[in-house]
1. Here are 88, 12: which of them is surrounded by 15 or more Cβ atoms within 10 Å (Cβ to Cβ), among the small types (Gly, Ala, Ser) and touching a residue at least 60 places away in the same chain (Cβ under 8 Å)?
2. From (1) without any contact (Cβ under 8 Å) to a residue 12 or more places away in the chain; (2) in a loop (DSSP other than H, G, I, E, B), pick out the condition that doesn't hold for residue 121.
3. May I ask you to verify whether residue 88 is under 16 Å from residue 20 (Cβ atoms), touching an Asp or Glu at 6+ places or on another chain (Cβ under 9 Å), modelled with pLDDT of 95 or more and in a helix (DSSP H, G or I)?
4. Could you grab me the full set of residues in region 114-134 that are surrounded by 14 or more Cβ atoms within 10 Å (Cβ to Cβ) and either within 18 Å of residue 17 (Cα to Cα) or among the aromatic types (Phe, Trp, Tyr) (or both)?
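The values are calculated or read from the model by the stated rules, or taken from the named source; none is laboratory data. Everything numeric in this text was worked out from a predicted model, so none of it was measured. No Cβ is skipped: glycine too gets one built from the backbone with ideal geometry, and neighbour counts run over all protein chains shown.
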Amino acid sequence: MALTRRKARIIALQALYEFDLTKHKPEQTLGHLLSEADLSGDNAQFIRELVIGISSNLNQIDLEIARYAPAWPVKQLAAIDRNVLRLAIFELLFDNKTPVRVVINEAVELAKNYGGENSARFVNGVLSSLSQQIKNRDSDESQEEHSGHSPGTN
């Protein structure tokens with residue numbers, strides 16, 4: 001399953017890259033990429049959920065990239081790096097079906113295979129910062145649940 005999910009993420013990355021550079025509609029891009037792929041229905045659905053979810057939440061995802069990579073304007077990032085980050089950030093913040101470490105490892109592998117010389121290190125740094133924030137937020141929420149009250153209540 002892991003290898004087919006990796007293949008699905010590669011296809012999702014191809015779709016995002018095409019969408020980003022050509023502004024073709026995601027459904028159009030997905031149609032021709034999925035027709036060429038040999039994937040199960042579950043993995044094809046996974047790809048659709050990723051690409052449609054990212055395109056629907058693009059502004060918020062790009063704000064997260066800007067937040068965790070403030071020295072790099074999103075539009076000036078290499079297209080592969082930008083879309084690998086979009087894919088991973090969507091999985092981390094919106095999808096929540098894959099463990100954080102798996103999402104980061106998969107994103108780093110995509111960056112190694114398709115990005116530039118420093119892409120994997122850059123992607124890892126951005127996603128590690130985001131994952132630390134997620135971990136802190138989850139810890140805070142867990143403490144609130146165990147204490148029986150929300151911040152600001154007595």
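1. Values: 88 fails: touching a residue at least 60 places away in the same chain (Cβ under 8 Å).
Every option except 12 fails the conditions.
2. (2)
3. Numbers: under 16 Å from residue 20 (Cβ atoms): yes; touching an Asp or Glu at 6+ places or on another chain (Cβ under 9 Å): yes; modelled with pLDDT of 95 or more: yes; in a helix (DSSP H, G or I): yes.
So residue 88 passes the test.
4. Residues satisfying the conditions are 114, 115, 119, 120, 122, 123.
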